[in-house]
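Asks: One structure follows; several queries about it will come next.
The values are calculated or read from the model by the stated rules, or taken from the named source; none is laboratory data. Predicted model, so just to flag it, every value in this text is computed and none were measured. When we count neighbours, we look across all protein chains shown, and the Cβ atoms used for this are built from the backbone with ideal geometry, even at glycine.
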Amino acid sequence: MKKVAKEIFDTVIYLGVVFLLTLLFITFVAQRTRVIGSSMNPTVYDSESLILEKVSYRFHDPERFDIVVFPYQHGDKQNFIKRVIGLPGEKVRIDYDGNIYINGEILEEDYGAEVIEDPGLAANEFTVPEGEFFVLGDNRNHSMDSREVSVGTIKKKQILGRAVLRIFPLTKFGGIK
């Protein structure tokens, strides 16, 4: 009887340790997220599953063009996935021809799926506040992003992680550029 009780106790301890390690991994290292919507087409698509890396931003700030995930502040636990365009302290403006200006110079990038039709809040040059980031979806005319009042710039502490790996669908498994 003592042997059976010890086996049960050992199994419970083992499962508890596995659960705790899994919880710590998901909280501090990496987690899976699912893409909802088309705002990041053609980079990632609706229903794809991604892995977020959560460690590096503890040691440095996000970099321009990183793909980050953050919670939408006015939604029902909905996360947004966007690309970092403007860094803290930079002056950002988008003209009506769809050009993105950073500190008065056109940003050379080709992530946008199309020419921006509505510059939104970025129609007038503004400075990205310290500790915050200006983000855009790659599907620029079908993205709720920093051009919208309800999204605005994103604080570093709001960022859940950086999308680094596509795990589903399996035919597209691999890193995300």
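Asks: Given (1) modelled with pLDDT of 90 or more; (2) part of a loop (DSSP other than H, G, I, E, B); (3) surrounded by 13 or more Cβ atoms within 10 Å (Cβ to Cβ); (4) under 17 Å from the mean Cα position of the chain (by Cα), where does residue 85 come up short, assuming only one miss?
Replies: Condition not satisfied by residue 85: (2).
Asks: Okay, next question. I'd like the residue in region 132-146 that is of a type outside the set (D, E, K, R) and touching a strand residue (DSSP E or B) at 6+ places or on another chain (Cβ under 6 Å) and, out of all such residues, is nearest to residue 88 (Cα to Cα).
Replies: 133
Asks: Which one of the conditions (1) surrounded by 17 or more Cβ atoms within 10 Å (Cβ to Cβ); (2) at positive phi does residue 98 fail to meet, given that it meets all the rest?
Replies: Status for residue 98: all satisfied but (1).
Asks: So, residue 152, is that one more than 13 Å from the chain's Cα centre (by Cα), at pLDDT below 95, closer than 13 Å to residue 83 by Cα and of a type outside the set (D, E, K, R) or not?
Replies: no
Conditions (1) under 20 Å from residue 164 (Cα atoms); (2) in contact with a helix residue (DSSP H, G or I) (Cβ under 6 Å, 6 or more places away or on another chain); (3) at pLDDT below 90; (4) among the charged types (D, E, K, R), marked per residue:
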site: 11; (1), (2), (3), (4): no, no, yes, no
site: 14; (1), (2), (3), (4): no, no, yes, no
site: 17; (1), (2), (3), (4): no, no, yes, no
site: 22; (1), (2), (3), (4): yes, no, yes, no
site: 27; (1), (2), (3), (4): yes, no, yes, no
site: 32; (1), (2), (3), (4): yes, no, yes, yes
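Asks: What tally of residues in region 88-103 results from selecting those that are in contact (Cβ under 8 Å) with a residue 40 or more places away in the chain, in contact with a Pro (Cβ under 9 Å, 6 or more places away or on another chain) and either closer than 19 Å to residue 156 by Cα or aromatic (Phe, Trp, Tyr) (or both)?
Replies: Selection size over region 88-103: 2.
Asks: Here's something else I'd like to know. Residue 15: in a helix (DSSP H, G or I) and either among the aliphatic types (A, V, I, L, M) or more than 25 Å from the chain's Cα centre (by Cα) (or both), yes or no?
Replies: It is true that residue 15 is in a helix (DSSP H, G or I) and either among the aliphatic types (A, V, I, L, M) or more than 25 Å from the chain's Cα centre (by Cα) (or both).
Asks: Also, quick follow-up: Might you let me know whether region 158-177 holds any residue that is under 23 Å from residue 37 (Cα atoms), of a type in the set (Ser, Thr, Tyr) and part of a loop (DSSP other than H, G, I, E, B)?
Replies: no
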